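Peer 1: Once you've had a glance at the structure underneath, I'll fire off some questions.
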Amino acid sequence: MTEQDFSLNLEDLRPRPAEKKHLSEYFMPPRHSFIIFHPDKCTGCGACEMICSTRNTGKVAPVSASVKVIRDEKEGKNFSILCQHCRKPLCLPACPTRAIEKGDDGIVRIDKLFCTQCGICAMACPAAAPIKDPCSQEIHKCDLCEGDPLCVKHCPENALTFTRGKALRWIKGLRWTSQFISFLLLVVVFIGTFCYFRTGSISFACPTGTLQNIASSGTIVLVGVSSTLALLILTVLAGRLFCGWVCPFGFVLDLVDKVTPKKIGWPSFLKSRMTKYGVLTGAVGGSYALGFQVFCTVCPIGTLCRSYGVQSFFKSAELAIVPALASLEIAQRRSWCRYFCPVGAVLGLTALLRMIKIIIGAKKCKKFSCIQCAEVCPVGIIDADKLREGLSPKIPMTECIMCMRCIDRCPYDAAKIRFRWQKAAPGEGRT
Amino acid sequence: MNSFQPFYNRKIGVVDLSASKAEVIPLVQKQVSRHIGGAAMNSAILEGYQDDALVFGTGPLTGSFAPASSLMIASFASLVFNSICHVPFMLRTGPDMKFSGIDYLVVKGTAPERSILHVNHGKIRTLPAGNLQHMHIPEAIRELKKASPLFQSVIITGPAADRGIPFASVSIGTNGSLDKAGLASLMAAKNLKGIMLGGTEGLPFNRDNPQQGKELEKIISTDKNFKHRGFYSVLKKLEGGEEAGKFLKASGEKDMACYHCPSPCMTHVRYSWHDPRKKEMQNSKEGLLLLDHTGYAALAEKVGKNILPVLRACLHYGLDPAAVAEKLSEGGTMLEYLNAIDKIISDNPPQTTDVSQRQCLFGGGLPPILTGDVLEKKVAIAMILGVCPIFLLRFAQITDATLLSFISTSEEDLTTLQEGLSSAISSL
Amino acid sequence: MKNRKDKIAEAKRVSGADSCVECGRCVAACPMAEMYANFSIEMSPRGIIKKTLVGDPVVEDKHIWYCTECNAGTDTCPQKVSCRDLIKKLREAAVDENLLENAKTCKCCGRVFVAIPVEEFVFAKLKDEPANVFGVLDICPPCRREIYLLRNA
C-alpha cells in the first residue's frame, strides 16, 4: 500500500453535487425571492448595517455587517452592497475549501465550519459583496436571514424590498399562439400565401421573393410590391416581429429547439451575421443573372408554404429542404435566422428605420447575478460578457427577432420596449 | 436600582498632548445616573481639567437604535462667546466614536508639533500631521486616507484654523458642521489638526431597542411634518429661509440622513459652475452636502444666486459661513466674493469677532425652528441624551420619556433617569 | 523609515513567531494545500516561520506570496502564533522595497490588494466563465464597490 491510497483530497471530503435539473426548469426556472435595492430612495442612514450587524455579531457594529453602505460624496448617491445570490455565483467555484453552496431555496450560503476566512470569495465577486470584518477578520455574507431579511424590515425609506419579482411570463403564450395560427393559415389553409403575389387571392409577397422577381424579370409589378410594403411597414413599426411571431419556418425551428436542448455549436468561422446579407446578394444577383428566382426554389419558408398541393417540379426534393435546414437548430438556436436567412436580411435592413427598440435598463438590471435574458435569447444578441462585467448591453435591433423572451423573463422590470428616440426608461442612468 | 443600560463603552479617553500620552479611565454608573451624558456629562468632566481643555462626548443613546442617534457634543470654553459652549456634531461622528471604543474624549495641553489623533479599539494614538498644514480640507482628507490606517469618520480643521482665524469652523469630513463657537481655532492653538475615528468595534445593545425604534418611526411617519423633509423643509422655517431656498434649484438633489435618522434634514445638491479665477471656460460639476441651515441662510442673504460656489469655498477653507457672510456685502459678483474669501485667509487674522448679530443656542448653529423655553428645553434634552436636536425639534411626539425608555428597564429606572435629566438640564 | 532588520524584528514580535514549536498544525489547516499543486514546505506557514527565525532572506522570497491571509493557521496554533500577521508584515516590507513582481495592484487606486499566485488560482477556478469577467477582477474590492455604485445608482 502506498501513501497515495490513504490520501484524501477535497473531491472526496466535499464532493460537488451533480447538477440536477428539475423537469420544471426545462420550461421555466424556479423563481426565488431576493432583495432588491432602490438607490433613489436610499438616504444613507445606515440602519440596514446596524441591524444586520446585530445578527452577525450580537452587538451593534456597522462595520461587521453583511451589507455595506457606500456613499459617494461627489455624486451624492448611496448604495447598499449586499450579496445578490447570483444564479451562477462566481464565489462558489472560487472557494478553496468549497464552503459556499447554493441551496434549493436559491440562497448562497457560506458554511462557517469550512470557511477559513481567506477572502477569495470577495476577490471573485464582481461586486465584492462578502465583507471582511476589520475586527474579527471573519467574512460576512448576506444569507437573506434564512428567508426573512432584517434589513428589509428596518429600512426607514423602504429602499430594500424582498420580492420574487414580477416576470411577465404571458408573452410566450401569445407568441406560441400567434406562431401556431400563422402556421395554420400560411401553410395549411391558404397555400402559397407567403410567396408570391397573385391577384384575386389572399397573398403577401415575400420581400426577398419580390426582389428576386424584379431582378429576374426586369419588371415591377406595382401591386405585388405594395403588398410587400405591408410587411416592411410592420417591420418599421415593430422590428422583425415577423421573424419571431409569424414566420412558419421559425415556428418549426422553435419546435425543434424544444426537443434538442443540448447544442453542439458552430465552428467560429461560420458564425458571422453578415453571411445572410451575402445570401441575399447572391439570391438577387443570381436571379438577375439566371433569369429565374434562384433562392425561392430552395427557400425553407417557401417550401413550407407551397408544399401542400402547389404544382412544383421539385416537389419531392423540396420536402427534404425543410428538415435539412431545420436540423441546423442542433448547432445553435435559430442559426438559420442568425446566419443564413435572406428574408431576415431584408427585414434586418428595413429595421434600420425602426421606431421601437428593446432596452435593458442599467439601474434595474441585476447584471452578473441574473443573466437570464442572455440565456433565453434565441438569436444570442444580448452580450452576456458585458453583463458579467457589470454593464447593461445594447441590443442590436437589426438582429432582434422581437420574440420578447427577454422581456417575458426579466424579474426586475429592466428589459422593456421603448420608442427609438426615448433616451432610456424613466429613472435610468447611463448604460 | 441603577440597572438601566445606556449604550456606553463605559470609557473616557484622556489625551495629554503636551506629554503625548493617552490613557483610558472608566466611566462609572454613578456618574451616569448623576449627569446622564452628553453636554451635562461634558461639563462635569470639564470641571476636572484646566480651562483650555476640550471634551468630545456622546450621550447614552448615541449609536443605538433610538432614531437620529447620531450626536457628538464638543464642550469647551469658547473665546467667541466667552462662556462654555456645547457644539453638536451629527452625521456619523457620535456613533463612530462609540464604535472606536470610548464614550468621552478629553484633550488637554498643547502638542509640540502639528498632530492628528486616531482613536480605535479603545486606544488613542497621536500621528504627525505637519504635511496637512494649509491644505484644503478635501485634499487633506484624501492625504489622510492614503497614508493612514482605516477610519470611518474624521473631524478636521482647515487652513482657516491653521491661520488662526477666530471664526474658523471644524468640519465633519468635507461637509462643514454647526460649529460657530470657534472650536477650530482652539484646536489649532493646541496644534491639533483633527480626530480620526476608526469605528470598527461593536457595543452590546438592548434587545427591545430595534422594535422600539421601529414603533417610534411609525408614530413619526403619521406626523404631518414627516413628508416635508430635506434641507429646504428646515430652511424655510428660518428668517429669510424661503428666499434663500430659491437658489437651491441645482441640477440634482438627494436627501441625505444622518445615522439612523428616519427623516433627513440634509440635502446633497449637484451643480455646475465656472470658476472665474480659472482660465478654462468649461463648467465643472460639483456636489455639496448642505447641513448648516443658519449658515446657508446668512450667506445666501448676501451673495444670492452665487451661494453654492461661495459656500463651497468656505467649506474648503474651514470657515463658518455665517461669520463670512458678515464680512461680505450684497450685490457682488462671484469673482468678488471668492476673492474676498481668499483675502480672509491670506490677511492677518482678526483678533476678535463681533457676535452681536448671531444667536447660537449653546454655541452651535442650530436652526431655531421653535421658540423660547421649549426650544431650549428640547435642545438640552437632545444634547444630554445624544440624539439629534433638529430631529427632536421637528417632531413633538418624541418626549424625554419615550427616549429614556430605550435605556431604562423598569418604571423605577425611568423616574431615576428623569430626575437625573432635569437636574442635568438645569446645570446647563 | 525602518530598515529591513527592524521590520523583520517587528514582524516576529507582532506575530509571536518565536513561540513556534514546529508542530505543523498550521500546515494541516492551511487551504493552500488545496489551491496549489506545487504546495511545499517552502510556502507553508511552518516553513515561512522557520525561514524567518533562522534569518533566511524571506523578504525577497517569492514563497511569501502564496498565502491567502486567511486565519486558519492562527486558529489551530497551540502557541497562538499568527502566521497571517507574519506574512502581512513580510509582504509590507517587500512592498516598501519595491519587490512587486508577485503583488497585484489595483487599476483604480494603485494599492496592492492580492498576491499573484492567489489571483491565478481564482482565474483557474473561474476558467469556465467567459474572459470578460476578469476585467472586474483587476480592481480591488473597495474600488469595485465604488464602481458598482456608479454603474447602478
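Peer 1: Please specify each residue of the stretch B:213-225 satisfying the condition of being under 18 Å from A:Thr43 (Cα atoms) and either open to solvent by 60 Å² or more (accessible area, probe 1.4 Å) or touching a Phe, Trp or Tyr at 6+ places or on another chain (Cβ under 9 Å) (or both).
Peer 2: B:Gly213, B:Lys214, B:Lys218, B:Ile220, B:Asn225, listed by residue number.
Peer 1: Select from the stretch A:366-389 the residues that are open to solvent by less than 10 Å² (accessible area, probe 1.4 Å) and at pLDDT below 90 and list them in ascending order.
Peer 2: A:Lys367, A:Ser369, A:Leu387
Peer 1: If you don't mind, another one. Out of all the residues in the stretch B:254-270, which are farther than 11 Å from B:Tyr232 by Cα and among the hydrophobic types (A, V, I, L, M, F, W, C)?
Peer 2: B:Met256, B:Ala257, B:Cys258, B:Cys261, B:Val269
Peer 1: Then there is this: Could you grab me the full set of residues in the stretch B:369-394 that are surrounded by 18 or more Cβ atoms within 10 Å (Cβ to Cβ) and part of a loop (DSSP other than H, G, I, E, B)?
Peer 2: B:Ile369, B:Gly386, B:Val387, B:Cys388
Peer 1: Looking at the structure I just gave you, is A:Leu347 under 13 Å from A:Met402 (Cα atoms), assigned to a helix (DSSP H, G or I) and at pLDDT 90 or above?
Peer 2: Yes; evaluated as a whole, the condition is true for this residue.
Peer 1: Among the residues that make up the stretch A:313-327, is at least one of them modelled with pLDDT of 80 or more, part of a loop (DSSP other than H, G, I, E, B) and open to solvent by less than 40 Å² (accessible area, probe 1.4 Å)?
Peer 2: Taking every residue of the stretch A:313-327 in turn, none turns out to be modelled with pLDDT of 80 or more, part of a loop (DSSP other than H, G, I, E, B) and open to solvent by less than 40 Å² (accessible area, probe 1.4 Å).
Peer 1: So which of C:Ile87, C:Ile49 ends up being at pLDDT 90 or above, more than 18 Å from A:Gly119 (Cβ to Cβ) and part of a helix (DSSP H, G or I)?
Peer 2: That would be C:Ile49, the only listed residue that is at pLDDT 90 or above, more than 18 Å from A:Gly119 (Cβ to Cβ) and part of a helix (DSSP H, G or I).
Peer 1: Does B:Ala323 fit the bill of being buried (at least 19 other Cβ atoms within 10 Å of the Cβ), within 20 Å of B:Ser171 (Cβ to Cβ), outside the structural domain of B:Asn175 (by TED's automatic domain parsing) and touching a residue at least 40 places away in the same chain (Cβ under 8 Å)?
Peer 2: Against the criterion (buried (at least 19 other Cβ atoms within 10 Å of the Cβ), within 20 Å of B:Ser171 (Cβ to Cβ), outside the structural domain of B:Asn175 (by TED's automatic domain parsing) and touching a residue at least 40 places away in the same chain (Cβ under 8 Å)), B:Ala323 qualifies.
Peer 1: Given the structure, is C:Lys127 assigned to a loop (DSSP other than H, G, I, E, B), free of Cβ contacts under 8 Å to residues at least 24 places away in the same chain and within 14 Å of chain A (Cβ to nearest Cβ)?
Peer 2: yes
Peer 1: When C:Cys108 is evaluated against the numbered criteria (1) more than 9 Å from every other protein chain (Cβ to nearest Cβ); (2) closer than 28 Å to C:Lys12 by Cα; (3) part of a loop (DSSP other than H, G, I, E, B), which criterion, by number, is the only one it fails?
Peer 2: Here C:Cys108 clears every test but (2).
Peer 1: Return yes or no: is B:Arg142 within 14 Å of chain A (Cβ to nearest Cβ) and farther than 30 Å from A:Thr54 by Cα?
Peer 2: The answer is yes for B:Arg142.
Peer 1: Here's a follow-up. Going residue by residue through the stretch C:27-44, is there one that turns out to be touching a residue at least 60 places away in the same chain (Cβ under 8 Å) and surrounded by 15 or more Cβ atoms within 10 Å (Cβ to Cβ)?
Peer 2: The answer is yes; a qualifying residue exists.
Peer 1: Also: Would you pick out the residues in the stretch B:306-340 that are more than 20 Å from B:Asn283 (Cα to Cα) and polar (S, T, N, Q)?
Peer 2: Within the stretch B:306-340, just B:Ser329 meets the criteria.
Peer 1: Go through (1) touching a strand residue (DSSP E or B) at 6+ places or on another chain (Cβ under 8 Å); (2) within 14 Å of chain B (Cβ to nearest Cβ) for A:Ile36 and report which single condition fails.
Peer 2: (2)
Peer 1: Any residue in the stretch B:337-359 that's open to solvent by 100 Å² or more (accessible area, probe 1.4 Å): show its pairings with residues that are of a type in the set (Asp, Glu) and modelled with pLDDT of 65 or more at Cβ separation under 9 Å, as long as the two are six or more apart or on different chains.
Peer 2: Every condition considered, the pairs that remain are B:Gln357/B:Glu326.
Peer 1: Here is a further query. Here is a list: C:Val122, C:Val81. Which entry is open to solvent by less than 20 Å² (accessible area, probe 1.4 Å), not charged (D, E, K, R) and not in a helix (DSSP H, G or I)?
Peer 2: The match here is C:Val81.
Peer 1: Just checking, which of B:Leu150, B:Leu117, B:Leu186, B:Leu192 is open to solvent by 40 Å² or more (accessible area, probe 1.4 Å) and touching a strand residue (DSSP E or B) at 6+ places or on another chain (Cβ under 9 Å)?
Peer 2: Going through B:Leu150, B:Leu117, B:Leu186, B:Leu192 in turn, the sole match is B:Leu150.
Peer 1: On to the next question. Quick one: in the stretch B:195-231, which of the residues that are among the polar types (S, T, N, Q), touching a residue at least 60 places away in the same chain (Cβ under 8 Å) and over 30 Å from B:Ala244 (Cβ atoms) is farthest from the other protein chains (Cβ to nearest Cβ)?
Peer 2: The qualifying residue farthest from the other protein chains (Cβ to nearest Cβ) is B:Gln212.
Peer 1: Do you know which of the residues in the stretch C:130-141 that are at pLDDT 85 or above and more than 7 Å from chain A (Cβ to nearest Cβ) is surrounded by the most Cβ atoms within 10 Å (Cβ to Cβ)?
Peer 2: C:Cys140
Peer 1: Can I ask one more? Show the residue pairs that are 6+ apart or on different chains and have beta-carbon atoms under 8 Å apart, the first residue being within the stretch A:126-142 and more than 9 Å from chain C (Cβ to nearest Cβ), the second being among the aliphatic types (A, V, I, L, M) and surrounded by fewer than 17 Cβ atoms within 10 Å (Cβ to Cβ).
Peer 2: What qualifies is A:Pro134/B:Leu150.
Peer 1: Counting just the residues of the stretch B:226-269 that are open to solvent by 40 Å² or more (accessible area, probe 1.4 Å) and closer than 22 Å to A:Gly46 by Cβ, which one comes out farthest from the chain's Cα centre (by Cα)?
Peer 2: Selected residue: B:Glu253.
Peer 1: Also, I was wondering about something else. Scan the stretch B:195-212 for residues that are open to solvent by less than 10 Å² (accessible area, probe 1.4 Å), touching a Cys at 6+ places or on another chain (Cβ under 9 Å) and either of a type in the set (Gly, Ala, Ser) or closer than 19 Å to B:Leu361 by Cβ (or both) and jot them down.
Peer 2: Residues satisfying the conditions do not exist here.
Peer 1: Shifting gears a bit: Can you say whether A:Pro149 is open to solvent by less than 50 Å² (accessible area, probe 1.4 Å) and under 30 Å from C:Ile116 (Cβ atoms), as far as the supplied structure shows?
Peer 2: no
Peer 1: Pairs please, first residue from the stretch B:239-262 and closer than 22 Å to B:Ala322 by Cβ, second anywhere and basic (Lys, Arg), Cβ atoms under 9 Å, 6+ apart in sequence or on different chains.
Peer 2: Matching pairs, first to second residue: B:Glu242/B:Lys236; B:Ala244/B:Lys236; B:Gly245/B:Lys236; B:Lys246/B:Lys305; B:Phe247/B:Lys305; B:Ala250/B:Arg270; B:Met256/A:Arg71; B:Cys258/B:Arg92.
Peer 1: Kindly indicate whether any position in the stretch B:254-276 is more than 11 Å from chain A (Cβ to nearest Cβ), of a type in the set (D, E, K, R) and within 22 Å of B:Leu375 (Cβ to Cβ).
Peer 2: Checked the stretch B:254-276: no residue is more than 11 Å from chain A (Cβ to nearest Cβ), of a type in the set (D, E, K, R) and within 22 Å of B:Leu375 (Cβ to Cβ).
Peer 1: Looking at the stretch B:403-420 only, could you name the residues that are in a helix (DSSP H, G or I) and either more than 19 Å from B:Gly63 (Cβ to Cβ) or of a type in the set (Val, Ile, Thr) (or both)?
Peer 2: Matches in the stretch B:403-420: B:Glu411, B:Glu412, B:Asp413, B:Leu414, B:Thr415, B:Thr416, B:Gln418, B:Glu419, B:Gly420.
Peer 1: Still on this structure: Restricting to the stretch B:29-45, count the residues that are at pLDDT below 90 and surrounded by fewer than 24 Cβ atoms within 10 Å (Cβ to Cβ).
Peer 2: 9
Peer 1: Let me ask you something else. From the set of residues in the stretch A:71-118 that are facing another protein chain (nearest Cβ under 7 Å), surrounded by 20 or more Cβ atoms within 10 Å (Cβ to Cβ) and assigned to a loop (DSSP other than H, G, I, E, B), which is nearest to the chain's Cα centre (by Cα)?
Peer 2: Taking the candidates together, the pick is A:Leu90.
The values are calculated or read from the model by the stated rules, or taken from the named source; none is laboratory data. Fair warning: this is a prediction, and the values are worked out from it, not measured in the lab. Ideal geometry is used to build each Cβ from the backbone, glycine not excepted, and the neighbour counts take in all protein chains shown. Just the protein is used for accessible areas: all its heavy atoms, side chains included, with ligands, DNA and RNA removed. Shrake-Rupley method; radii C 1.70, N 1.55, O 1.52, S 1.80 Å.
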